1. Pairs only if they're at least six apart or on different chains, beta carbon under 9 angstrom, first in the stretch 72-95 and more than 12 Å from Gly13 (Cβ to Cβ), second basic (Lys, Arg) and assigned to a strand (DSSP E or B); list them, first residue then second.
2. Do any strands (runs of 3 or more DSSP E) lying entirely in the stretch 1-118 carry at least 1 residues that are over 15 Å from Thr131 (Cα atoms), and which ones are they?
3. Give me the residue from the stretch 108-135 that is in contact with a strand residue (DSSP E or B) (Cβ under 6 Å, 6 or more places away or on another chain), modelled with pLDDT of 95 or more and among the hydrophobic types (A, V, I, L, M, F, W, C) and, out of that set, surrounded by the fewest Cβ atoms within 10 Å (Cβ to Cβ).
Amino acid sequence: MSRREYPTHPLVGVGGFIHRDGKVLLIKRKFEPNKGKWSLPGGLLELGEDPEEGAKREVREEVGLETTVEGLLQVANEVISDASGRTKYHFVLIDYLMRPLGDEVVLNDESEEYRWFEPSAVDGLDTTENTKLIVGKYVSRR
């Protein structure tokens with residue numbers, strides 16, 4: 001199993017930009033990296049898994065929603081260094097635009113809470129830079 005902290009190579013993360021009625025679903029992370037920050041639901045791609053299917057699986061596991069994928073929204077690089085400048089985390093993030101097929105969100109134990117946000121409100125949240133970037137891309141496409 002790959003180590004998340006101080007990995008020997010980048011890890012592939014997959015996630016879902018879930019939108020409904022002009023709002024985006026964000027979760028508040030319970031664990032590092034990005035503990036306490038709002039972000040898209042997602043996690044690590046499993047060995048042999050298709051990235052789109054992995055994103056759907058991660059969304060299902062984290063927020064209990066089945067989704068339909070509307071397309072690839074972004075591929076990004078996230079590197080988090082420690083105080084000495086050593087790479088503590090390195091993820092290649094693949095995020096898909098998704099629409100939920102249901103209404104009931106059920107969080108797993110990886111998140112503190114969830115909320116549906118107006119995209120314009122995300123810039124003022126304690127969130128990751130990647131989340132702000134992807135929301136900006138979504139807004140510019142609308």
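The values are calculated or read from the model by the stated rules, or taken from the named source; none is laboratory data. Owing to the predicted nature of the structure, the values given are computational and were not obtained by experimental measurement. Neighbour counts run over all protein chains shown; Cβ positions are idealised from the backbone, glycine included.
1. From the stretch 72-95, the pairs are Val79/Lys88; Ile80/Lys88; Ser81/Lys88; Asp82/Lys88.
2. Counting at least 1 such residues, we get 11-20, 42-44, 67-81, 87-100, 111-117.
3. Residue satisfying both the conditions and the ranking: Trp116.
Yes/no matrix, rows are residues, columns are (1) under 20 Å from Asp123 (Cα atoms); (2) of a type outside the set (A, V, I, L, M, F, W, C); (3) out of contact with any Asp or Glu (no Cβ under 6 Å at 6 or more places or on another chain); (4) modelled with pLDDT under 95:
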site	(1), (2), (3), (4)
Arg4	no, yes, yes, yes
Arg20	yes, yes, yes, no
Val24	yes, no, yes, no
Lys28	yes, yes, no, no
Lys37	yes, yes, no, no
Ala55	no, no, yes, no
Gly64	no, yes, yes, no
Glu70	no, yes, yes, no
